[in-house]
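A quick write-up on the structure given underneath.
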Amino acid sequence: MECPHCHRQTSPQSRNCGSCGSVIPPAQYLLEEAGLIEPTSPKTNGQSKPARREQKDESFYRMATLGDRLIAFALDSIFLFGIFAIVDSWAFMRWGIVDGPELKLTLAALLIAESLNAAIFFLYLWLLETAFGASLGKAMVGIRVIRTTETDRHPLAILAIRNLLRVVDGLGFYLVGAAVASCSGFRRRLGDICAGTVVVEEDLGSWMKFAAIALWTLVLAAAVWSVPRICQTNAALPSRYLNRVVVQVGRSENAAYFTVANLHVEIQLTSAPLR
């Protein structure tokens, strides 16, 4: 691999150039191998010497497959679902209306719940990828986010761009992101392209994987334990504004029902006795 500063050859695993000591951008050799940048050598005695590439070995990064990224996203989604269940139960019982076996959800309850869900989703991915390069799902699968170019931007800004663009990549249940990644040589979705990042295969260590599995399991167990207890409380806090009921969930003697706008769904719980 060639140092982008002094144009001398250095090991692909080096973080600093052995000749000039400058920082080597992450995945520099990947850009050279893909032909996105051409290595150049300084002229000596009026003639340019061809750059010599290091032979590829087993320690090179490999691009994470779309399958691994899908599994990591599924694990993260299950983890976040546990957190959302706790947060939504609290918001619904706090700003909703409990009328016997019926729960009426107001605009205030839905807006507060969705706002908290969006904030948690973004902060979870943004902060973990900034600190460790991986969310819990990525750590368990063995993949990591790295930068492909050296830049003056702070990692917080880079990873913020990557995760904010999930709004676009996530359209159609991530069909947009999958389509862009499939057409990219580095399997990068739009967020990766704009942020200058790539997802590679990298084991963060057994302790990190164990910690991720333990935290993942702990949160799901906490959700199973706490949600029924939250729903048993009735600490409703009526709101002056946005108190229009938009969703009704409840049950009658023989059926459970769900009503939103003009849509009414009823599920029969017990069959009528034969006569």
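The values are calculated or read from the model by the stated rules, or taken from the named source; none is laboratory data. The structure displayed is predicted, hence computed values, not measured ones. Methodologically, a virtual Cβ is constructed for each residue, glycine included, from the backbone with ideal geometry; neighbour enumeration extends over all protein chains shown. Heads up: the accessible areas ignore ligands, DNA and RNA and are worked out on the full protein's heavy atoms, side chains in. Shrake-Rupley method; radii C 1.70, N 1.55, O 1.52, S 1.80 Å.
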*asked:* With the requirement that a residue be modelled with pLDDT of 85 or more, under 12 Å from TRP90 (Cβ atoms) and among the small types (Gly, Ala, Ser), what does the stretch 222-235 give you?
replied: ALA223, SER226
_Please pick out the residue among LEU123, LEU103 that is hydrophobic (A, V, I, L, M, F, W, C) and over 26 Å from the mean Cα position of the chain (by Cα)._
LEU103
*Out of (1) charged (D, E, K, R); (2) free of Cβ contacts under 8 Å to residues at least 60 places away in the same chain; (3) open to solvent by less than 50 Å² (accessible area, probe 1.4 Å), what's the single condition that is false for GLU102?*
(2)
*Output the residues belonging to the stretch 151-185 that are within 13 Å of VAL198 (Cα to Cα) and open to solvent by 70 Å² or more (accessible area, probe 1.4 Å).*
GLY185
*Could you list all residues from the stretch 226-235 that are assigned to a helix (DSSP H, G or I) and surrounded by fewer than 11 Cβ atoms within 10 Å (Cβ to Cβ)?*
PRO228, ARG229, GLN232
*Hey, any hits in the stretch 236-259 for a residue that's more than 35 Å from the chain's Cα centre (by Cα), at pLDDT 75 or above and either outside any loop (DSSP other than H, G, I, E, B) or of a type in the set (A, V, I, L, M, F, W, C) (or both)?*
yes
_Where a residue in the stretch 108-127 is open to solvent by less than 60 Å² (accessible area, probe 1.4 Å) and its partner, wherever it lies, is of a type in the set (Gly, Ala, Ser), with Cβ under 8 Å and at least six apart_ = ALA108/SER239; ALA109/ALA91; ALA109/GLY96; ILE112/ALA91; ALA113/ALA91; TYR124/SER135; LEU125/SER135; TRP126/ALA160
*Filter the stretch 171-223 for residues that are in contact (Cβ under 8 Å) with a residue 60 or more places away in the chain, of a type in the set (Phe, Trp, Tyr) and under 30 Å from ALA85 (Cβ atoms) and give the result.*
TYR174, TRP216
*Restricting the search to the stretch 192-212, which residues are in a helix (DSSP H, G or I), surrounded by fewer than 23 Cβ atoms within 10 Å (Cβ to Cβ) and hydrophobic (A, V, I, L, M, F, W, C)?*
ILE193, CYS194, TRP207, MET208, PHE210, ALA211
_Complete set of residues in the stretch 137-177 that are among the hydrophobic types (A, V, I, L, M, F, W, C) and in contact with a Ser or Thr (Cβ under 7 Å, 6 or more places away or on another chain)_ = VAL145, ILE146, LEU156, ILE158, LEU159
*Within the stretch 139-188, which residues are over 24 Å from ALA118 (Cβ atoms) and among the aromatic types (Phe, Trp, Tyr)?*
PHE186
